[in-house]
Amino acid sequence: MYTTLEIASIVGAPNVNLVGREIDWLLTDSRSLCYPESTLFFAIKTKTGDGHRYIGDLYKRGARAFVVSEKPAGDFPDADFIIVPDTLRALQLLAAYHRSRFNIPVIGITGSNGKTLVKEWLYQLLAPNFTVARSPRSYNSQTGVPLSVWGLWEKSEVAIFEAAISERNEMAALERIIKPTIGIFTCLGSAHQENFSSMEEKCKEKLQLMKDAEVVIYPAGDAIIKECISQSNLKGRLLACPTTGNAFEDNKALCRAACREMGLDDDVIEERLRALEPVAMRLEVKDGQNDCTLINDSYNSDLSSLDIALDFMNRRPEKEGRQRTLIVSDILQSGVEPHALYTQLADLLQQRGINNLIAVGGIISAHIDCFAGLQGYRRFFPNTDALLAGDTLATLAHQLILIKGARSFHFERITDRLEKKVHETILEVNLSAIVKNLNYYRSFMKPETKMVCMVKADAYGAGAVEVAKTLQDHNVDYLAVAVADEGVILREKGITQGIMVMNPEMSSFSTLFQYRLEPEIYSFRLLNALIHAAEHEGITNFPVHIKLDTGMHRLGFDPVKDMPQLISRFQKQTALIPRSVFSHFVGSDSDHFDDFSDLQYQRFLTGSQQLQDAFPHPILRHICNSAGIERFPERHLEMVRLGLGLYGINSCNNKTIHNVSTLRTTILQIHDVKAGESIGYSRRTVLERDSRIASLPIGYADGLNRLLGNRQGFCMVGGMWRADYVGNICMDVCMIDVTDIPCEEGDLVTIFGEGLSPSELASRCGTIPYEILTGIAPRVKRIYFEDK
């Protein structure tokens, strides 16, 4: 525990009117506040945001200690403000000081891939012998590493930290914080290569992590790593691990070498390597039975990862009154005396708003008294079998349930019991990729520019509710749906952010008013009808969004001829108020249409300026879509709209930014079929050789386009092998040619996703990616996850 007075001294800040509050927790994300009275918030400025904007809200929630680059305006009478030139630098200085107080082995891991896997494997291998501190999830960035190192405490005997860089001159800061005694370089790949002049430059940047390490462990088979090490004047002993070309085995070799350095015997290492359990690389959200929602993180259970999962759970907007339940196992190998550990856990559950507890394990069950303060019910079971044998799980209904257990408790059995059962074709939606795409487009914007995110058509097939919850959590200004019913679903699931309705229907007016859904207005007929309905219900100043037709010629007011009448109509009533005015670029994704885009923009400026000048209140203007955000930064005005780009497809070149949706299925059956035989209805595909034909449980009723049949398209078997569709696509089943592919019944097949983009399928069907994404049927189960 440090005081704000000590921290000010450590980071070189003046001691100006500091109370000297005791600090346990460091915070960079205002949404994750848990222990306000002992938290220090670092207001960090980034390309996409400024932490100073959230100080007022944090103060209202009880936070009283802040590191800032400028003292905020307002009245904060009992707060400590540590004022520094660079808040990120201050965070790193504090973490580096904290690290300097520990004389223990510290393993620093870098590389293009495999960092988290190697870290988690090393934790499994070393935890029986040592109390291990490690990076939670993938906390390996300029902010993540300091937060990881802050987790060192008096009983830590070994630490394992990841370090990731994406640009030049980033690793030096991380090295000063981690100060590894053992360095591990997993591999060198193409990630972030666009920010480096060569692979060698990137490799040398990563090697800076190990400049003072006592031991450097690296793959012997990588010639670039080997050559860069020879040029880097590393001080430590070099250990080159044999490579096989199999990433799984190569990562094991790195772990084996690190364990030997930690003093483990070879026979112990090999025994534990054979017993390694799967590493959960993501946190999944699934539909459960009885209107429950499941958050599945059932592969490990330590207090740090549990707090992160609880934070994710707590930040999800839910219907008022919906109970939050935790199913948790014994917390093993924590290094903390059990009574103190479970008292800390109980306090954490209360802080995070957990109502009910289902606890599994002999140790946690022996400490029932620690959880007496929980408001809801408490159920304790000696083991997983005892829980499954009773009726407790069957009684869970209308709840948000976090499942968090140590591997040895096999909580996947609990997840399987609670999960809503559907057929084997699933759409996996990566919510972390949604955030990465959001931030990609935010990087083109000024901090003050607002953003509308399109979640119409069920968020382009990804599932509007979960996507909207993620976007609301990341402070987008507006969500946009097509019709009122889509907005109602979001409101009923706890979404409070502003919602635009792009195609309001005359029959939906009362729904718009009831659920605070803000309609687009594109015609005088619609405008007059909405005014009449609002006046009838006694509504005033209901916000609406005015659409101008600048060249699409689909919907909208004429930006010249209609403006006087439009302004007059608004000025003569008080029921509605213009919140924004907008238009659509016809071809912002292609320089072929740039002249017409210029014309559209000028038309829009003419019409929108008249509207703004006619009213005293601010009226937001927006015309840029995804392509416009990237190509026309000078035209962002007060707001932009993000659509297809949010879902990972760059409409300027149809390339993937960060893949969001992956459509998967499994092989139902494999047949050996002779040459000359036909496949499917109407005998459209006749085999030219003896073949192996696999059947998949997906068809056009699931959204698989019939134009892909008869070798016009392909899928990926096992994520590696291309397999053509043969025969016509059926309603519920399709067939693929797996003649030269090593596979068997039950293997996974990717319809689209990483390595096979919706754009590829769209080009083969003569359509656009929008149609591929939005065409996935509701009966296809959506599984949501966050990268860890």
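The values are calculated or read from the model by the stated rules, or taken from the named source; none is laboratory data. Bear in mind that the values here come from a model prediction, so they are computed numbers and not experimental data. Every residue, glycine among them, receives a Cβ derived from its backbone with ideal geometry; neighbour counts consider all protein chains shown. To get the accessible areas, we keep the full protein, side chains included, count just its heavy atoms, and leave off ligands, DNA and RNA. Shrake-Rupley method; radii C 1.70, N 1.55, O 1.52, S 1.80 Å.
General remarks:
- Computed helical MRE - 222 nm, the chain, DSSP H runs ≥ 4 contributing -39500 (n - 2.57), nearest 500: -9000 deg cm²/dmol
- Sorting 602-615, 635-648 by their mean Cβ neighbour count within 10 Å, with the most densely packed peptide first, gives 635-648, 602-615.
- Positive-end extreme of charge dipole, the chain - chosen from CYS734, LEU306, ILE772 (charges on Cβ): ILE772
- Protection proxy ranking, highest mean first, for peptides 774-780, 21-27, 672-678: 21-27, 774-780, 672-678, where packing is the per-residue count of other beta-carbon atoms within 10 Å, averaged.
- DSSP bridge orientation in the chain - percent antiparallel, rounded to nearest 5: 35 percent
- Accessible surface of the range 686-748, 1.4 Å probe: 50 percent of it comes from carbon and sulfur atoms.
- Cα-based reach from LYS456 at 12 Å (exclusive), listing aspartates and glutamates while leaving out same-chain residues under 8 positions away: ASP485, GLU486
- Fraction of accessible area attributable to carbon and sulfur, the range 194-257 (%, probe 1.4 Å): 49 percent
- Surface per residue (accessible, 1.4 Å probe) for the range 253-390, Å²: 40 Å²
- Mean Cβ count within 10 Å, highest first, over the residues of peptides 715-726, 686-697: 715-726, 686-697
- Between the range 634-699 and the range 158-220, the alpha-carbon center distance in angstrom: 37 Å
- Solvent-accessible area per residue for the range 38-114 (1.4 angstrom probe, square angstrom): 43 Å²
- Here, P(r) means the percent of Cα pairs in each 20 Å bin from 0 to the largest distance; for the chain it is 14, 42, 36, 7, 0.
- Carbon-plus-sulfur accessible fraction, the range 479-548 (probe radius 1.4 Å, protein heavy atoms only): 48%.
- Reach of LYS781 by Cα under 16 Å, taken over lysines that are not fewer than 8 positions away in the same chain: LYS286, LYS420, LYS421
- Entries of LYS206/LYS446; LYS115/LYS436; LYS45/LYS211; LYS469/LYS655; LYS206/LYS226 with Cα pairs more than 22 Å apart: LYS206/LYS446; LYS45/LYS211; LYS469/LYS655
- Ordering SER508, VAL560, HIS584 by Cα displacement along the dipole of the range 448-606 toward the positive end leaves SER508 in first place; charges were set at the Cβ atoms of Lys, Arg (+1) and Asp, Glu (-1).
- Charged-residue dipole, Cβ positions (Lys, Arg, Asp, Glu), the chain about Cα centre, Debye nearest 20: 940 debye
- Charge-dipole axis of the chain as Lys and Arg at +1 and Asp and Glu at -1 on Cβ define it, positive-most pick from LEU238, LEU527, GLN600: LEU527
- The range 569-712, accessible area per residue, ligands and nucleic acids excluded (1.4 Å, Å²): 45 Å²
- Net charge dipole size for the range 368-490 [Lys, Arg +1 and Asp, Glu -1 on Cβ; Debye, nearest 20]: 300 debye
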